[in-house]
Every structure is written in structure tokens, then in C-alpha cells.
Amino acid sequence: MSEINEMLSYPYDPAIMRKYRRLKAELLADGTERIKKKIAFLGGATVDAIAEITELFLLNSGIEPEFYISEYAQYYNDAVYPPEELLSFKPDIVYFCTSYRNITAFPKPADKPADVEALLNAEYSRFAQAWESVTEKLGCPIIQNNFELPPFRLLGNSEAADIHGRVNFVNRLNAAFAEYAAAHGSFYICDINYVSACYGLDKWHDGTQWYMYKYALPMQAVPAYAANLAAIIKAMFGKNKKAIALDLDNTLWGGIVGDDGAENLQIGKDLPGGQVYSEFQEYLKMHKDIGILLTVCSKNDLGNAMAGLEHPDGTLRPDDFTVIKANWENKDENLLNTANELSLLPESFVFADDNPAERQIAADRIKGIAVPAMDGAENYIRILDRNRYFEVLKLSEDDMKRGEMYRANAARAAAQSNIADYGEYLDSLEMKAEIRTFIPMYIARIAQLTNKSNQFNVTTRRYTEAEIANISRDKAYIPLYGRLSDKFGDNGVVSVVIGNIRGTDLHIDLWIMSCRVLKRDMEFAMLDELVRLSKERGIKTIYGHYYPTAKNAMVRELFGTFGFEKISTEEGTENTLWRLETDNYTQKNKHISVNI
């Protein structure tokens, strides 16, 4: 593992602070193609170091940030009365970097319940006013810190229960912030309450950095803080991980199944060395339940591997894994084959293996894959959890069904192998599509797709929930979503097209599709509906734009397959412009029933 990846993985090395400039230069020079995003830090304290280390985590994940940083403690003024510099900056994200020290008033022992309630409402309303102002004037997603617990307990253990206690007040304020987040799609909580607890409140509240430099946390805690913040930003732009590839021996259980036999493996809560593996399997099972794909990547005999996975004291079973690769091939090759079978980029994976040699090979040969140092079974859960690979912004129904959807894909592949004619196979799927203009129910999922789709994406534009909601109401757009189901199951919302109307022309700003429905003719069904609606709106010509990236080569000729004419290639680039006249258009979809 490279020095950069090692330093940006848990446990975080405080030396990252002094090596910031060198690490940044190395990251920018590594040739990675990155998306550029503007982030406004509205701080309640000095925040420069936090921004710097957050930048390293984002650069390492394919995001190149540009920062606006407010003057010291000007978070409220900049939000409610944004200066021209902030307005012209046009941030993609506003981050309220506040802390316990930014709570303006706490209850006093003599306060009546009504006084405490008024105090709480006033504190919450001050922040809510700032959030609403940012939403109105800047129109971008917001990340807001909750509050760490106070550095002392005046009332001792009663602090948590008595309404006059600061602990009680902070907990209630955090709960109010959480309720706001649940009700607002583009508002996210950065849980520094949890981060500070992990770090240790005594160390977190060491006042030296505050009194000297107005930093609300010690410098040694900045890497963990920045990693937590970066996880939210990465998830917003589709840079979080989607799958975990797991070794078996001494990773999912103690012992070597081929040598010891399945009956002698260390797993189970009644065995001294087995409980740690049982809890790790339970932890992984919880990830499956939120839509993270579990796969096996093990040098093992398949029969022995299956026997281990059928151990009566194990939590995970073979059916919990989307793909099982248990053979004697190189693990990096198995990882790449698994990614290919699932139509996922290899960088979407986390590889969890107790063997440092196997980890090093995977890290060296597979660009972008996450390879944590799985040292000591008692540390497995903490290592995966603190690295924040699988950050969830808003848990959707489609997320929870993801494993089921990929298993259904495997059933489709098996069905295809039994039918020689591909058109006959498509008909046998009995596909049905719902293709309509955007509706509120799917706004969050549509925004999620725009930020996660990299391969089938002609322009690689990214949108926030707020932008998608605005487009859904704007008559200058034809915005379509496509949901596809068949006899094996529902794939959910898998395609999005956004067309911008300019007179009698329509320019396609976005065309994306989930790779799990490739080669099903869903793109033709989407095109048919786009042309139909365009004709209704008096559109004569549709223009398609293709902007190449390192990952979207598969759609280089998409518009050509649609029957568009290539009319230009931008000088000095491979950007292409395509044209389709809507007159005399003939429908392309022959295998999917649409809106029936």
C-alpha cells in the first residue's frame, strides 16, 4: 500500500498534518481524472487545517475541491447575509463547521421548563434561519455539524436527564438537527458527536488549541474529523464504495477450513476465539441489509469454502453473497472478474483480507480499490467502520434491494445461456418499463444516480437533489426517469435523461443508465419516449453531447446507435456533437412494454 493510502486509512497518522503540502502535490501529479467541486466552509472557529486535510481525503477519492473559507466565527453572518465573494463563488456544498463552543446560551439552574424550552427553540431557530438562507440564496446541499458533548458535567449523572443540564441540552439540540435532516433531502449531519466520543472527550476538549489559535479541537484529531466530513462529500458525488470482497480463512472465521475441517473452525459465541468472528459476520450482514454487496475472494477449494459458509454457528450463508470466487487463481484477477460480472468498476470494492501479501498485490494492481490493513480480528469492525467506506446519506428502498437486484441479474444471465437468439431472450424476460417525467417520489434516487453513474454517462454532469427538484418544475426541460422490471424482479429507477429546450431544439444535458441493465434495450425505450414528448412540445431537432472521460468509453458511439448524425468534433478534444431530426423517427424499442 502506498504511503498516501496508508496515511489516509484508519488509524490516521497525525503526521499527515505536517506532510500536507507534499501529499497534496503527489496526489495532484498522479494522473487521476477528478471531478471539480466548490465547497464553502462557514466556520464557528478556525477551520483551515480541517479544510486542508479534508482536501487530501477528497483528492484521494477522485474529487478536486476548491474552498471558500469564512472569516473566523462568521458562519451565521455569511449564511444569512452572504458576501459577494461567497455568492460569486457559487458553492456546490456549504459546510457549517461549528461546535459546542458555538452554542450561544445554556440553561441556568433557576430556569423554569418554559425558559429552557424557549432557549432551545431560539438556538435551533438561529441555525435553521442560516440553513434556509443558504438554501434560498445559494441553492446547494448543506452539511451541518451536530454538537459534541460538553467538557464537564455540573450536575454529574443528572446532566443527561435534568432539563438544566448541558448534556441534556446538547442531546435535545442534536435531536432537533436530526429531525431537520430527516425532513430535508439535501441536508446532511456531520456527526462530530460520535467522532469526538471515539477520540475521547478529555483529549477533544484540550483547550490549548482553542485559547491559542481558536481551533475547536486538537490538531491530532483533525485527520479523523476530516475523514468523517470527507465521507459525506464523497457519498454525495458517488465516490463511496458499493461492495466488499472478503477472504475466508482467518477473516470470516478462525482457522483454515481446508486443513482444520469446517467442524473445527473458530466461530460461535460459545468458543473463546470464535465470538470475534461471529460479531464480524453479524456486522457484515448488517451491511448487506443496507444494500452493500458481499462477495467472496478466497484461495480455497470451493467445496471447503461452502462448508465453512454453512457452519451452523455462522451468521453469513452462501445466499448472502452476490458472487463467490473460491479457487486457486490470483486474488486480484478474481476481484477484477467479480467487478466485471457485476458491471461495477473495481474501484467500487473494498478488499478485506488478513494476509498482508495479498493486500499488497491487490493494492498495487487494482487502481482505486480500498485495501484496509485487517490486522487482528478484534479490530476488523473498527477498521472498516472508521474508514467510512460505505457512507449512507439517505437510505432508500432501492438501496436495501440492491443485493436482491444483482442476484436477479445472475438468474437472467443463466436464462440467457439457455436461449440461442438474443431477441428471443429479451422477450422471455417479459420486461416492463415505467418512463415518465420526474416525480417527487424519485427525486432523491435520481440525484443519487446522477452522482454514481460513471460508465453509461454521456456528459458526466452531476446534480444535487435541489437541482433535480428545480428541473422537475422547469418547463424549459424534458426530464425523464426510467424504471425497469421483469419476471425476475424490479430493478428500480435505472435511467435518467434530461433535455434542455431551446426554441425548437432539445439539447441532451444528461443521459445515464445503471450498468446492471445493459443490453436490455432500455436506452431505446428511453429514446422513444424522449422523441414522443419532444414532438408534443414542438421540438424539431435533438442534439446529443458526448464528453469523454476515463470511464465512459462505452457510450462514445451511443448517439450513433440511436441514428443520430455526428456533426462536429470539438477542436483539441474528443467532445462530439450529434443531431437527430424528430420527423420520420421510427421507434427503436421492440422488447419492452412501456407505461402499461
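Under the condition of being of a type in the set (A, V, I, L, M) and touching a helix residue (DSSP H, G or I) at 6+ places or on another chain (Cβ under 9 Å), which residue from the range 172-195 is most open to solvent (accessible area, probe 1.4 Å)? Looking at the filtered set, the residue picked out is Ile189. Residue count for the range 514-536, restricted to those that are modelled with pLDDT under 95, open to solvent by 10 Å² or more (accessible area, probe 1.4 Å) and either part of a helix (DSSP H, G or I) or farther than 26 Å from Ile35 by Cβ (or both): 5.
Return the total of residues in the range 240-285 being open to solvent by 10 Å² or more (accessible area, probe 1.4 Å), in a helix (DSSP H, G or I) and touching a residue at least 60 places away in the same chain (Cβ under 8 Å). Result for the range 240-285: 4. Per the listing Gly62, Gly31, Gly44, the residue uniquely open to solvent by less than 60 Å² (accessible area, probe 1.4 Å) and either closer than 22 Å to Ala550 by Cα or among the aromatic types (Phe, Trp, Tyr) (or both) is Gly62. Of all the criteria given as (1) aromatic (Phe, Trp, Tyr); (2) part of a strand (DSSP E or B); (3) touching a residue at least 40 places away in the same chain (Cβ under 8 Å), the one not satisfied by Tyr585 is (2).
Tally up the residues in the range 201-230 that are open to solvent by less than 30 Å² (accessible area, probe 1.4 Å) and among the aliphatic types (A, V, I, L, M), please. Before you say what the answer is, go through the steps one by one.
In the first step, residues of the range 201-230 are kept if they are open to solvent by less than 30 Å² (accessible area, probe 1.4 Å); the result is 204, 207, 215-218, 221-223, 225-230.
Imposing the further condition that a residue be among the aliphatic types (A, V, I, L, M) reduces the set to 216-217, 221-222, 226-227, 229-230.
Going through the range 201-230 one residue at a time, the tally reaches 8.
Which of the residues that make up the range 291-310 are in a loop (DSSP other than H, G, I, E, B) and open to solvent by 40 Å² or more (accessible area, probe 1.4 Å)?
Here is the first cut: in the range 291-310, the residues in a loop (DSSP other than H, G, I, E, B) are 291-292, 300-301, 310.
Correct list: Asp301, Glu310.
Please state which one of Cys140, Cys198 is within 28 Å of Ala227 (Cβ to Cβ), in contact with a strand residue (DSSP E or B) (Cβ under 7 Å, 6 or more places away or on another chain) and either assigned to a loop (DSSP other than H, G, I, E, B) or open to solvent by 40 Å² or more (accessible area, probe 1.4 Å) (or both).
Numbers: Cys198 fails: in contact with a strand residue (DSSP E or B) (Cβ under 7 Å, 6 or more places away or on another chain).
Only one candidate qualifies: Cys140.
Helices (runs of 4 or more DSSP H) fully within the range 17-91 that include at least 1 residues being polar (S, T, N, Q): 48-59, 75-80, 84-89.
Looking at the structure I just gave you, is Ala339 on the phi < 0 side of the Ramachandran plot, among the small types (Gly, Ala, Ser) and at pLDDT below 95? Criteria met by Ala339. Set side by side, the residues Asn470, Asn491, Asn500 differ, and just one is open to solvent by less than 10 Å² (accessible area, probe 1.4 Å), touching a residue at least 12 places away in the same chain (Cβ under 8 Å) and outside any loop (DSSP other than H, G, I, E, B), which is Asn491.
Every listed requirement among (1) over 28 Å from Leu395 (Cα atoms); (2) in a helix (DSSP H, G or I); (3) at pLDDT below 95 is met by Lys288 save one, (1). Listed conditions (1) in contact (Cβ under 8 Å) with a residue 12 or more places away in the chain; (2) open to solvent by 40 Å² or more (accessible area, probe 1.4 Å) are all met by Asn340, apart from (1). Ile163 satisfies every condition listed in (1) in a helix (DSSP H, G or I); (2) open to solvent by 50 Å² or more (accessible area, probe 1.4 Å); (3) farther than 15 Å from Glu179 by Cα except (1). Is it the case that the range 119-136 has a residue that's touching a strand residue (DSSP E or B) at 6+ places or on another chain (Cβ under 8 Å) and open to solvent by 60 Å² or more (accessible area, probe 1.4 Å)? Taking every residue of the range 119-136 in turn, at least one turns out to be touching a strand residue (DSSP E or B) at 6+ places or on another chain (Cβ under 8 Å) and open to solvent by 60 Å² or more (accessible area, probe 1.4 Å). Are any residues in the range 312-336 at pLDDT 95 or above, part of a loop (DSSP other than H, G, I, E, B) and of a type in the set (Val, Ile, Thr), and if so, which ones? Within the range 312-336, just Thr315 meets the criteria. For the range 150-159, the set of residues classified as open to solvent by 60 Å² or more (accessible area, probe 1.4 Å) and not polar (S, T, N, Q) consists of Pro151, Phe152, Arg153, Leu154, Leu155, listed by residue number.
Out of the range 311-324, which residues are touching a Lys or Arg at 6+ places or on another chain (Cβ under 8 Å) and open to solvent by less than 60 Å² (accessible area, probe 1.4 Å)? Once the filter is applied, which keeps residues that are touching a Lys or Arg at 6+ places or on another chain (Cβ under 8 Å) and open to solvent by less than 60 Å² (accessible area, probe 1.4 Å), the range 311-324 yields Thr315, Leu316, Asp320, Thr322. Glu71 meets all of the listed conditions (1) open to solvent by 10 Å² or more (accessible area, probe 1.4 Å); (2) touching a Phe, Trp or Tyr at 6+ places or on another chain (Cβ under 6 Å) but one, namely (2).
The set of residues in the range 537-566 that are open to solvent by less than 20 Å² (accessible area, probe 1.4 Å), assigned to a loop (DSSP other than H, G, I, E, B) and under 25 Å from Asn451 (Cβ atoms) comprises Asn552, Phe562. In the range 206-233, the residues that are under 19 Å from Phe187 (Cα atoms) reach residues that are surrounded by fewer than 18 Cβ atoms within 10 Å (Cβ to Cβ) with C-beta atoms within less than 6 angstrom, at least six apart or across chains, in these pairs: Ala231/Glu391.
The values are calculated or read from the model by the stated rules, or taken from the named source; none is laboratory data. Just so we're clear, the structure is a prediction, and the values are computed from it rather than from any experiment. Every residue, glycine as well, gets a Cβ built from its backbone with ideal geometry; the counts of neighbours run over all protein chains shown. Side chains are part of the model used for accessible areas, which takes the heavy atoms of the whole protein and leaves out ligands, DNA and RNA. Shrake-Rupley method; radii C 1.70, N 1.55, O 1.52, S 1.80 Å.
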